[in-house]
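These notes concern the structure reproduced below.
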Amino acid sequence: MTTARSQLICPDITPYYHCVSRCVRRSYLCGEDSHTGQSYQHRRAWVEERILTLATIYCIDICAYAVMSNHYHLVAFIDMDGVAGLSDSDVIERWGIEHCLPRLIQRYQSGQKLAAAEWQKCREIIEVWRSRLCSLSWFMKELNYQIARQANQEDQCTGRFWEGRFKSQALLDDKALLAAMAYADLNPVRAKVADTPEQSDHTSVKARLVALDRGKTSARALLDFIGYHSQEKKRGIPFRLMDYLELLDWLGRQMREGKRGVLDESAPGILQRLSLVQKECLTLCSELEKRPRAWVGSQRHLMHAKSQLNRQRMLGIVIS
């Protein structure tokens, strides 16, 4: 039986999630069709642009992403504090970017006098939109719908484009977040479509490196690295960018078959800080998607999530 999405995505337990959505067709999402020779590589840019655009509208921040030939990975942060801090005008403005506003809301927005019942209806609509702006399910729905629509128009066909519901994994602690981000950013290297992370087109690590090369500290629509000395800041990736890049470099050398690499005696600083041994980090990144578990974290965090959800049983990937 399919598990309700509300039992898989619960921001009160963790704001971090790893999502995967796959294309259902043989002709690929973005790759090259070996039967016809037609290339769909330009669709990777569609997906990347759509992810970054929606991130500026929704209170869903992007930690990492990778757009592959027939699927994409997304590591997201649900910003509950951010959506709570939006004014009614902010909610209307954001929702109106992608949607047609009802006439009643337009009247409300322009300051026209409304009856009590109309004013109450406007308040109800705005609160519905507010809840959607921090909904990962709505984010993924609007992302996948637009890409499917564009692809169907290009292919001159109708029907399903995506393979059912997107898959999600709740990342219960920093170790799980680190593994999921590295797994996403290294997908092109593991798939042998790129030699190094910096050559991996349509990934978050490539976007961050391009931004750094241009002298910018932040990449468009991506959640910033705030470092482990800024734990009081809730909104941000709790690692240092340089540590993360060092870790990616090491993991990429270990995970690529046929490529020899020698690891220095000292592990990356981020591994030492998290007490995450090299072998464990490598295993997590290699098997994150192979093991169909919706929850990833330490035994303590898994038990906490189980208690919060009032579940008798919970299967997850346990990080010691």
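Residues that are surrounded by 13 or more Cβ atoms within 10 Å (Cβ to Cβ) and at pLDDT below 70 within the range 33-64 comprise just one, 33.
Can you find even one residue in the range 208-222 that is within 13 Å of the chain's Cα centre (by Cα) and assigned by TED's automatic domain parsing to the domain that holds residue 146? Yes, that holds for at least one residue.
Okay, residues lined up against (1) assigned to a helix (DSSP H, G or I); (2) among the aliphatic types (A, V, I, L, M); (3) at pLDDT below 95:
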site: 114; (1), (2), (3): no, yes, yes
site: 124; (1), (2), (3): yes, no, no
site: 157; (1), (2), (3): no, no, yes
site: 180; (1), (2), (3): yes, yes, yes
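Taken together, 259, 234, 206 contain a single residue that is touching a helix residue (DSSP H, G or I) at 6+ places or on another chain (Cβ under 9 Å), under 21 Å from residue 76 (Cβ atoms) and modelled with pLDDT under 90, which is 234. Is there a residue in the range 153-176 that is over 30 Å from residue 244 (Cα atoms), buried (at least 19 other Cβ atoms within 10 Å of the Cβ) and under 18 Å from the mean Cα position of the chain (by Cα)? Scanning the range 153-176, I find at least one residue that is over 30 Å from residue 244 (Cα atoms), buried (at least 19 other Cβ atoms within 10 Å of the Cβ) and under 18 Å from the mean Cα position of the chain (by Cα), so the answer is yes.
Starting from the range 55-70, take each residue that is polar (S, T, N, Q) and list its partners that are crowded, with 22+ Cβ neighbours inside 10 Å, counting only C-beta distances under 9 angstrom and pairs at least six apart or across chains. Listed by first residue and then by second, the contacts come to 69/23; 69/29; 69/30; 70/23; 70/29; 70/30. For the range 91-110, a residue qualifies if it is surrounded by 13 or more Cβ atoms within 10 Å (Cβ to Cβ) and either in a helix (DSSP H, G or I) or within 22 Å of the chain's Cα centre (by Cα) (or both), and the qualifying residues are 91, 92, 93, 94, 95, 96, 104, 105, 106, 107, 108, 109. As a summary of the residue check, residue 136 satisfies the conditions (1) in contact with a helix residue (DSSP H, G or I) (Cβ under 6 Å, 6 or more places away or on another chain); (2) modelled with pLDDT of 90 or more; (3) within 20 Å of residue 67 (Cα to Cα) except for the one numbered (1). Within the range 5-32, if we keep just the residues that are modelled with pLDDT under 70 and of a type in the set (S, T, N, Q), the residue that is nearest to residue 200 (Cα to Cα) turns out to be 27. For beta carbons closer than 9 Å, sequence separation of 6+ or different chains, a first residue in the range 170-195 that is on the phi > 0 side of the Ramachandran plot and a second that is modelled with pLDDT under 90, the qualifying pairs are 192/256; 192/257. Against the numbered list (1) out of contact with any His (no Cβ under 9 Å at 6 or more places or on another chain); (2) more than 13 Å from residue 73 (Cα to Cα); (3) not polar (S, T, N, Q), residue 129 comes up short only at (1).
The values are calculated or read from the model by the stated rules, or taken from the named source; none is laboratory data. Everything quoted here is computed from the prediction, not taken from an experiment. Cβ atoms come from the backbone with ideal geometry, glycine included; neighbour counts cover every protein chain shown.
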